[in-house]
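A.B. asks: This is the structure I have questions about; it appears just below.
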Amino acid sequence: MIEKKNANIAIEELAQGFIEIRLSLIEYAMTHTLHELLTQSLDEVGAFVYSPIRFYHFVEPDKKTLSLQQWSSRTRKEYCRAAGKGTHYNIDQAGVWVDCLRQKKAVIQNDYASLPHKKGLPEGHAEVVRELLVPVIRKDKVVAILGVGNKPTDYTHRDVEIVSYLADVTWEIVKEKRADEALRKTTIELHERVKELSCLYGISRLVEEDDLTIDILIQRTVELIPPSWQYPEITCARIKLNNRSYKTKQFRKTDWVQSQKIRVNKKNIGVLEVFLLENKPEKGEGPFLREERSLLNAIAKGLGHIIEHKQANEALQKAHDELQLRVEERTKELAIQNQHLLNEIKERKKAEEKLQRSSEKIKLFAYSVAHDLKNPAIATHNLARILNKKFGDALTDRGKNICEQIQRSSEDIASLADKINIFISTKETPLDIRKISLKEVFQILKEEFSSQLNIRSIQWLIPGTIPDIIVADRFSIVRIFRNIIENSLKYGGDGLGKIEIGYRSTADVHIFTVTDDGQGLTAQDPENIFNWFQRKTNSTEIHGTGMGLAIVKEIVALHGGDVWQEPAKPKGVTFCVSLSRHLIPMEEDGQN
């Protein structure tokens, strides 16, 4: 009974001790680092189980690596000179001390020397006599190992309970400590980021103020820099730009500096410098944070863009002002020129009216001349014909020849009068644009010239590639081809053997060709055969007015086209006529 009572008292004292250790460790963690907390926890474990060797390992998230986070104070001082805090071990290569991890339960090794699978100890490690290894398990995974060793007596299950409890308590406190430190670190980082964002936001707000000059904008920018660094009270800054310097208050150069060049259009135009007025512990870049380097680069890059934008705006404003001045000057010049133009238009209008009246008089005169020429010519032709008929037997050969010449000249005069009337009517009569059948047109022409074609055995060739329908003035198209064919029959000579109609087209025009194999044109023929009264140089014996091709040119122009000649091979000539494909039939034009 007495032994049982004593055992109960011991259990109660142990439980009370556990509570006190837990509370003391929680309180200790509030003012000490994680590594100091682990050392304190291991020292407390050693006091319970009388073990001089104590260590705490974390299992890394990859589940393949162990990291030695801490030895106890006594272990470091008296027993172990091997690598300590932060050392990593590969679980697959570790020895017997990770058996608890593999088995996921506490392991007692009271005769370490006799273990067959031990791998030996690293240099400087204390000799191990016996050890107790306890895993900390969360969600069926080992997250940490607490180990104690070299107890004077064998480890017992009671030791397992004590070490397991303290290992769990330590893990929970460590987890909270880690969370607090992570939160504190995140809070600090967020605070730094807020300062950085405030700096960049402040610069962006400056850019929005259009009335700021570049000098004012840069001075205000440099003043935004110190509050964004980790030690604002001892931070100063300077921007050197185009031989000018912009500084914060109490600026002073020191050995602790960060700098970044400012570039505009890929050229260095200045530098941004940040100084600390006193030295601080080493961080990412001397006493500066890596994030401060990133912020410095961002500010320098942003300044380059801002300066480039400002310079562009200033250049644009200058160009705008110059353009405005030029516009005003040009407007005055145009006003003067417009007045001169109005005066000129009035004068031209008077001249056009005068020219129109003169044109009407000339047209009337041309009609009168044509009429007055035709009537006497017909009378002269008839008189010469009667003279030759009634008195031909009394005339000599020379007299008969003169009568025939009078008749031919009279016919030429009458034909010329008709051609003049045709040319004038061509210019004055509106076109009757409709869909016409080319088959009918060429049938009319073939019948008209059939007697000459048959007598002279001339071939009439029309290929099947010619379209059936085109849009044009039917009467004008007949006249175009009639005049060109007449030209071939007149000037083709005795060697004329064929007349061939051809066709090709583009997106805008029909192109018709009339080719003969006659005499063709010579180098002496005038280039302007499409002008009035122009004929071939060897045509003195051939009757004609020299107006046929001029009429063709006028009609073709009214159809939005052109006419030209090309030499044919091996002999002859080709006349080409183009007509617009965009003419609108009168019935459709009326509907529109």
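The values are calculated or read from the model by the stated rules, or taken from the named source; none is laboratory data. Quick caveat, the model's predicted, so the values are computed rather than measured. Don't worry about glycine lacking a Cβ; one is built from the backbone with ideal geometry, like all the others, and counts go over all protein chains shown.
A.B. asks: Checking the conditions here, which among 511, 501, 484, 466 is in the same structural domain as residue 551 (by TED's automatic domain parsing), assigned to a helix (DSSP H, G or I), out of contact with any His (no Cβ under 8 Å at 6 or more places or on another chain) and under 26 Å from residue 431 (Cβ atoms)?
C.D. replies: 484
For every residue, the table says whether it meets (1) modelled with pLDDT under 75; (2) among the hydrophobic types (A, V, I, L, M, F, W, C); (3) outside the structural domain of residue 135 (by TED's automatic domain parsing); (4) not in a helix (DSSP H, G or I).
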| position | (1), (2), (3), (4) |
| --- | --- |
| 170 | no, no, no, no |
| 207 | yes, yes, yes, no |
| 211 | no, no, yes, yes |
| 217 | no, yes, yes, no |
| 221 | no, no, yes, no |
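A.B. asks: Residues that are of a type outside the set (Lys, Arg), part of a strand (DSSP E or B) and surrounded by fewer than 17 Cβ atoms within 10 Å (Cβ to Cβ): does the stretch 240-252 have at least one?
C.D. replies: The answer is yes; a qualifying residue exists.
A.B. asks: Only one of (1) within 23 Å of residue 50 (Cα to Cα); (2) surrounded by 13 or more Cβ atoms within 10 Å (Cβ to Cβ); (3) modelled with pLDDT of 85 or more; (4) not β-branched (Val, Ile, Thr) fails for residue 157. Which number is that?
C.D. replies: (2)
A.B. asks: Does residue 155 qualify as being in contact (Cβ under 8 Å) with a residue 12 or more places away in the chain, outside any helix (DSSP H, G or I) and hydroxyl-bearing (Ser, Thr, Tyr)?
C.D. replies: Yes: the conditions hold for residue 155.
A.B. asks: From (1) at pLDDT below 90; (2) surrounded by fewer than 18 Cβ atoms within 10 Å (Cβ to Cβ); (3) assigned to a helix (DSSP H, G or I); (4) not polar (S, T, N, Q), pick out the condition that doesn't hold for residue 233.
C.D. replies: Single failed check for residue 233: (1).
A.B. asks: Under 9 Å by Cβ, and 6 or more places apart or on different chains, what pairs join a residue from the stretch 288-301 that is outside the structural domain of residue 238 (by TED's automatic domain parsing) with one that is surrounded by fewer than 18 Cβ atoms within 10 Å (Cβ to Cβ) and of a type in the set (Phe, Trp, Tyr)?
C.D. replies: none
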